[in-house]
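Before any comments, here is the structure.
The values are calculated or read from the model by the stated rules, or taken from the named source; none is laboratory data. What you are looking at is a predicted structure, and each value in this text was computed from that prediction instead of being measured. A quick note on method: Cβ atoms are made from the backbone with ideal geometry, for glycine too, and the neighbour counts reach across all protein chains shown.
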Amino acid sequence: MWKVKRMKAARLVILGVAIAAGGLAAMLASGPEQPAPATAPEPVAKLETIEVLIAKAEIPMGHTVNAADMQWQTWPTAAAGPTFIRKTERPDAAEKLAGSLARSAFVMGEPIREAKLLQAKGSGFMAAILPSGMRAVSTDISPETGAAGFILPNDRVDVLLTRRDKAAEKAAGVEVVTSETILQNIRVLAIDQAIQEKDGQKVVIGKTATLELSPRQTETLALSRQIGTLSLALRSLSDANAPAKTVEEDTGSRRGSVNMVRYGVTTTTTK
């Protein structure tokens, strides 16, 4: 009886060892545990771009543009306006536009637009930069009547008329000289032939100033030139956004100085 129990225990031990060995063999056969595959990253949307023609450096108004002033630059397609010049459509645009005049200034990196350029073979530059309904009128000036030569194109000026008042002279019996502002905040288009200052020049002394005037202002200026001497008074840059006026639109501007000369002595009063 004891021997039978001993044999059964031995069989159980052998069976346990066999099961353990089988499990170990199966584990070795399957190899090491593989990590779970990583989640693939979401695809990034690709930004579509296009090459457009831009200003390589600052281009001042009136400058003759050449090919070296322009270059191609990558630009987001969605941000490229319809007036931009695209390389895919006009690869030779820089050469074709060379020799054009800039109607207005370009800043560095600004896309080139043909609306801001004037072909040299087209109409005159002065006519091109004039806003609709405005006129370009020239008047004689001198260093004494033109702010000592410190007036430059695109500055704003007042136009003053100085004349003898013959009616007042008859009443007073002495020479009477009046001065009044006839035009206010007028844009200067050119001094002689200088459309834009160049080479760092800060002073342009000319004999003729070309002003931007409305038809009514043109008539006022033409009449004033026949009856007295015109002078230009330079205005502050902060006044650039103020509207241009004639003397009839601002009665306060009619006030001026009156010089009365009696026996060689000059007395100044205010009208």
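Numerical summary
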item	result
Matching entry among ASP92, ASP69 (being within 18 Å of the chain's Cα centre (by Cα), farther than 30 Å from LEU213 by Cα and either of a type in the set (Asp, Glu) or exposed (fewer than 12 other Cβ atoms within 10 Å of the Cβ) (or both))	ASP69
Residue ID - surrounded by the fewest Cβ atoms within 10 Å (Cβ to Cβ), chosen from residues in region 73-89 that are assigned to a loop (DSSP other than H, G, I, E, B) and of a type outside the set (D, E, K, R)	PRO82
When residues of region 72-89 are limited to those that are farther than 19 Å from MET108 by Cβ and hydroxyl-bearing (Ser, Thr, Tyr), the one farthest from the chain's Cα centre (by Cα)	THR88
Exclusive hit being farther than 26 Å from ARG103 by Cβ and modelled with pLDDT under 85, set GLY256, GLY200, GLY206, GLY228	GLY256
